[in-house]
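Enquirer: Below is a structure I'd like to ask you about.
FYI, it's all coordinate maths here, none of it is from the lab. Here the structure is a predicted model, which is why all the values come from computation and not from measurement. Backbone-built Cβ (ideal geometry, glycine too); neighbour counts: all protein chains shown.
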Amino acid sequence: MKILLFANTDWYLYNFRRSLALTMRDAGHSVILISPPGPYGEKLRALGLEWRPVDMDRRSLNPLREAALIWRLTRQLRRERPDLVHGFTIKCAVYISLAARLSGVPGRVTAVAGMGYVFVSDDIKAILLRPFVRLLLKMTLGGGRARLILQNPDDVALFTRTRLVDATAIRLIPGSGVDTKRFSPDITRRPNGRVRVLLAARLLWDKGLAEYAEAARLLMADDAPADLLLAGAPDSGNPAAVPEAVVREWVREGRMQWLGHVEDMSALLRSIDVVVLPSYREGLPKGLIEAAASGCALVATDVPGCREVVEHEVDGLIVPVKDAEALADAIARLASDPELRARLGEKAREKALALFDERIVVRDTISVYSELLGSGTRT
């Protein structure tokens with residue numbers, strides 16, 4: 001079979017769907033990956049995968065530009081004649097589904113990992129766009145030859161309640177999975193001195209960066225034995241991006257250390273004690289399950305996506321959303337209690353092995369392909 005995967009960055013394809021593409025290729029299927037150009041495209045090619053750039057502006061709202069993109073995608077699908085397309089994130093999902101319908105592709109799979117800027121943000125632009133995006137989703141995601149993959153039960157309930165797509169077409173698969181061999185605890189490391197706390201995410205306001213910065217200020221005032229780190233790069237293509245100047249000001253004030261983009265997250269996580277994600281909403285956060293697999297104690301907000309990874313007092317701590325004081329209290333509690341950190345980290349690792357191993361996610365995704373195309377996609 002020929003499968004085409006479409007995402008809004010080559011970074012996403014490399015970090016989130018590489019294992020799926022390699023598994024499909026190794027089983028004898030033809031896999032094509034497309035995204036806007038970037039440095040990870042060549043890394044995909046170095047793995048022997050077929051990656052092709054497409055001209056796409058993630059922030060564009062220009063109708064002519066967007067129509068031109070859909071037409072380019074349609075022409076590419078007519079040339080490639082794939083058996084199935086799989087789009088990731090809302091914009092890519094809508095566009096590739098529409099192009100697939102126009103070009104007669106037999107199977108369509110869309111994956112919505114969280115509701116994105118349009119549904120999460122309170123910006124006036126997001127609010128105005130919301131009804132239009134809902135209409136596009138309803139128009140493009142339906143049909144008997146289509147499946148919608150969601151990452152948490154809250155999103156399933158939302159899509160079902162709002163009738164954006166028929167409930168029989170929805171499949172629940174928790175995230176993109178984690179390599180539990182690569183992401184594993186450092187058993188030689190022992191608690192010693194100050195506790196290292198990490199927030200690893202794109203630099204977006206809706207990842208809870210403001211609350212993290214405020215929690216850091218509160219911890220500094222209380223002289224808590226914790227060093228706060230931030231890993232992630234600016235995302236200028238997202239309307240919710242945190243300006244780099246703001247992050248540098250937090251660093252100048254001594255609130256945190258900014259690591260920028262980290263290539264080897266598994267190595268970093270082996271040096272971390274606590275990982276936090278004070279996000280406003282998630283699909284199923286990969287950074288959190290990587291931290292769980294690495295045996296870190298977790299702190300997350302009580303929102304969709306995070307709740308599926310962290311169970312309060314069992315494998316992590318849950319705090320209210322947009323509550324910097326509660327976040328600071330949770331970090332301080334873990335910083336002062338090594339036994340609690342160890343217990344939560346062990347349980348987090350157990351859950352990652354049982355639920356989030358990437359082999360489980362790849363298997364279940366291929367099963368969705370098989371529903372649409374038959375047994376020819378089985379590996």
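Enquirer: Roughly what angle does helix 63-80 make with the longest principal axis of the chain, taking Cα atoms, 0 to 90 degrees, to the nearest 10?
Expert: 70 degrees
Enquirer: A further question on this structure: Fewest first, what order do Ile149, Ile187, Ile366 take by the number of other Cβ atoms within 10 Å?
Expert: By the 10 Å Cβ count, ascending: Ile187, Ile366, Ile149.
Enquirer: Moving to a separate point now. For an R0 of 22 angstrom, estimate the FRET efficiency from the Cβ-Cβ distance between Ala342 and Asp222 and round to the nearest 0.05.
Expert: 0.45
Enquirer: Let me ask something else about it. So what's the angle, to the nearest 10 degrees on a 0 to 90 scale, between helix 209-222 and the longest Cα principal axis of the chain?
Expert: 10 degrees
Enquirer: What size of dipole, in debye to the nearest 20, comes out for the chain about its Cα centre when the only charges are +1 on Lys and Arg C-beta atoms and -1 on Asp and Glu C-beta atoms?
Expert: That gives a dipole near 1820 debye.
Enquirer: Okay, moving on. What pairs in Lys207/Lys347; Lys2/Lys351; Lys91/Lys286; Lys286/Lys322; Lys181/Lys347 have C-alpha atoms more than 28 Å from each other? Present the calculation step by step, with values, prior to reporting the outcome.
Expert: Numbers: Lys207/Lys347 24 Å; Lys2/Lys351 34 Å; Lys91/Lys286 20 Å; Lys286/Lys322 21 Å; Lys181/Lys347 16 Å.
Beyond 28 Å: Lys2/Lys351.
Enquirer: Quick one: compute a quarter of the convex hull surface over the Cα atoms of the range 189-316 and quote it in nm².
Expert: Result: 7.9 nm².
Enquirer: Could you list His86, His312 in order of exposure, starting from the residue whose Cβ has the fewest other Cβ atoms within 10 Å?
Expert: Ranking His86, His312 by Cβ neighbours within 10 Å, fewest first, gives His312, His86.
Enquirer: Also, quick follow-up: Given R₀ = 41 Å, what would the calculated FRET efficiency be for Leu158 paired with Arg194, taking r from the Cβ atoms and rounding to 0.05?
Expert: Efficiency at R0 = 41 Å is approximately 0.50.
Enquirer: Using only alpha carbon pairs under 8 Å that are at least six residues apart, calculate the relative contact order of the chain and give it in whole percent.
Expert: Numbers: 753 pairs, mean separation 59.0, N = 379.
Here the relative contact order equals 16 percent.
Enquirer: Okay, helix-only estimate at 222 nm for the chain: each DSSP H run of n ≥ 4 adds -39500 (n - 2.57), divide by all residues, round to 500 deg cm²/dmol; what do you get?
Expert: Calculated from helices alone, the mean residue ellipticity at 222 nm is -13000 deg cm²/dmol.
Enquirer: Between (1) 64; (2) 56; (3) 51, which entry matches percent of Cα pairs over 26 Å apart as derived from the coordinates of this structure?
Expert: (3)
Enquirer: Could you tell me which residue out of Ile70, Pro285, Met265 lies farthest along the dipole of the chain toward its positive end? Charges go on the beta carbon: Lys and Arg +1, Asp and Glu -1, centred on the Cα centre.
Expert: Ile70
Enquirer: Moving on. Name the long-range amide H neighbours of Val195: under 5 Å, sequence gap of 5 or more, or other chain; modelled H, no Pro or chain starts.
Expert: Sorted by chain and number, the residues that satisfy this are Ala226, Asp227.
Enquirer: At 0.36 nm per residue, minus the direct Cα-Cα distance, what do Asp166 and Ile127 gain on full extension? Give it in nm, one decimal, please.
Expert: 11.6 nm
Enquirer: May I ask you to derive the FRET efficiency for Arg182 and Met139 from their Cβ-Cβ distance with R0 = 35 Å, giving the value to the nearest 0.05? It would help to have the intermediate numbers written out before the result.
Expert: Working: r = 40 Å, r/R0 = 1.15.
E(calc), rounded to 0.05, equals 0.30.
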